[in-house]
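Undergrad: One structure, as structure tokens, below. Some questions next.
The values are calculated or read from the model by the stated rules, or taken from the named source; none is laboratory data. Nothing here was measured: the structure is a model prediction, and the numbers come from that model. So basically every Cβ, Gly included, is an ideal-geometry build from the backbone, and we count neighbours across all protein chains shown. Accessible surface is based on the protein model in full, side chains and every heavy atom, while ligands, DNA and RNA are left aside. Shrake-Rupley method; radii C 1.70, N 1.55, O 1.52, S 1.80 Å.
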Amino acid sequence: MAARTKPNPIPSVWARERREPEQPSLSRESIVREAVAMLDADGVEALSMRKLGARLNAGATSLYRHVATKDELMELAVDEVAAEIRVPATADPDWRAAVAEAAQSFRATALRHPWVSSVMGQAGLVYLGPNLMSFSERLAALFTSAGFPEPDQAISALLAYTLGMSTTEAAWLTTVARSGQTEAEFIDRLMPAAQEAAAGHANLAASYAESAPRDPARDRDAKFAYGLDVVLDGLALRLPRQGLSDKP
């Protein structure tokens, strides 16, 4: 009988045993906090174990005692940031308002840390982190308390919208920040090119027509709220109607 080969380890910080550090003054927590600061300032592309080690006055080898790879570091950074997301208590009688507050908090967190949405979309095991598990558990409690028969499906629908919108919005704001201009200034500068691109597309041209001075942040808030209302309207249809048969 052929010998069974040992399976490859699961590539996630949450799936391996935590090793004891050789350098007591350097902790995983301090590494992750500094990594988040670097990511907020310069983005994912600028982060490396070598640069992070230099910021912490430690060699890359010392970092690897706490975090095996950069991918693991990103998992830890995402979970660190996820602690900022607020989810109302299940005692809130208005499930829509409570879920909307959670989605808005997710978006606000993603915009404070513009790198996090894109990383969440790529890291398949990032949701095993304790803060993200707690976030998902609190959302599940909200949907379960509201009477949803499949709270996990409701969570998936809500996060698909929120994560998708936050990723696009964070990418836009990163582009604006790199221009050195305010968002309103950047839009004014971009508008002629946008209008030219929309010319000949009747259903799009009106969106790029000259208009009164804009408040870009308010416009983005309104766009997110509109889509969130649509998602919540759809989720509401999945609730069993009291006093009625489940049959159509």
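Undergrad: So which pairs qualify, if the first residue must be in the range 66-90 and under 16 Å from SER136 (Cα atoms), the second must be part of a helix (DSSP H, G or I) and among the acidic types (Asp, Glu), the Cβ gap must be under 6 Å, and the two must be at least 6 apart or on different chains?
TA: Going by the 6 Å Cβ cut-off, the qualifying pairs are PRO88/GLU101.
Undergrad: Could you grab the pairs with beta carbons closer than 8 Å, sequence gap of 6+ or different chains, first residue in the range 219-235 and among the aliphatic types (A, V, I, L, M), second one open to solvent by 30 Å² or more (accessible area, probe 1.4 Å)?
TA: Listed pairs, sorted by first residue: LEU228/GLN104; LEU228/TYR161; VAL231/ALA157; VAL231/TYR161; LEU232/ARG96; LEU235/ALA157.
Undergrad: Please go through (1) surrounded by fewer than 14 Cβ atoms within 10 Å (Cβ to Cβ); (2) modelled with pLDDT of 90 or more; (3) in contact with a Lys or Arg (Cβ under 9 Å, 6 or more places away or on another chain); (4) closer than 30 Å to PRO151 by Cβ for ALA37 and return the number of the only condition it doesn't satisfy.
TA: The number of the failed condition is (4).
Undergrad: Within the bounds of the range 236-244, is there any residue that is modelled with pLDDT of 85 or more and of a type outside the set (A, V, I, L, M)?
TA: Of all residues in the range 236-244, those modelled with pLDDT of 85 or more come to 236-240.
The next check asks that each one be of a type outside the set (A, V, I, L, M); those that pass are 238, 240.
Looking through the range 236-244, at least one residue is modelled with pLDDT of 85 or more and of a type outside the set (A, V, I, L, M).
Undergrad: Still on this model: Quick one: count up the residues across the range 175-230 that are of a type in the set (Lys, Arg) and within 30 Å of ALA98 (Cβ to Cβ). Let's see the steps before the verdict.
TA: Taking the range 175-230 and keeping what is of a type in the set (Lys, Arg), we get 178, 189, 214, 218, 220, 223.
Right, trim to within 30 Å of ALA98 (Cβ to Cβ) and you get 218, 220, 223.
Adding up the residues that qualify gives 3.
Undergrad: If you don't mind, another one. Among the numbered conditions (1) modelled with pLDDT under 90; (2) within 19 Å of the chain's Cα centre (by Cα); (3) open to solvent by less than 100 Å² (accessible area, probe 1.4 Å), tell me where ASP71 comes up short.
TA: Of the numbered conditions (1) modelled with pLDDT under 90; (2) within 19 Å of the chain's Cα centre (by Cα); (3) open to solvent by less than 100 Å² (accessible area, probe 1.4 Å), the odd one out for ASP71 is (3).
Undergrad: Considering (1) in contact (Cβ under 8 Å) with a residue 12 or more places away in the chain; (2) surrounded by fewer than 13 Cβ atoms within 10 Å (Cβ to Cβ), say which one ALA206 fails and leave the rest.
TA: It is condition (1) that ALA206 fails.
Undergrad: Only one residue in LEU26, LEU47 is modelled with pLDDT of 90 or more and either open to solvent by less than 60 Å² (accessible area, probe 1.4 Å) or over 21 Å from MET120 (Cβ atoms) (or both). Which one? So that I can check it myself, show each step before the final result.
TA: Values: LEU26 fails: modelled with pLDDT of 90 or more.
Of LEU26, LEU47, the one residue that is modelled with pLDDT of 90 or more and either open to solvent by less than 60 Å² (accessible area, probe 1.4 Å) or over 21 Å from MET120 (Cβ atoms) (or both) is LEU47.
Undergrad: Right, next: Grab the helices (runs of 4 or more DSSP H) fully contained in the range 87-188, keeping just those with 2 or more residues being out of contact with any helix residue (DSSP H, G or I) (no Cβ under 9 Å at 6 or more places or on another chain) and crowded, with 16+ Cβ neighbours inside 10 Å. It would help to see each step written out before you state the result.
TA: On the way: elements: 95-112, 116-122, 130-146, 151-179.
In the range 87-188, the matching helices (runs of 4 or more DSSP H) lie at 95-112.
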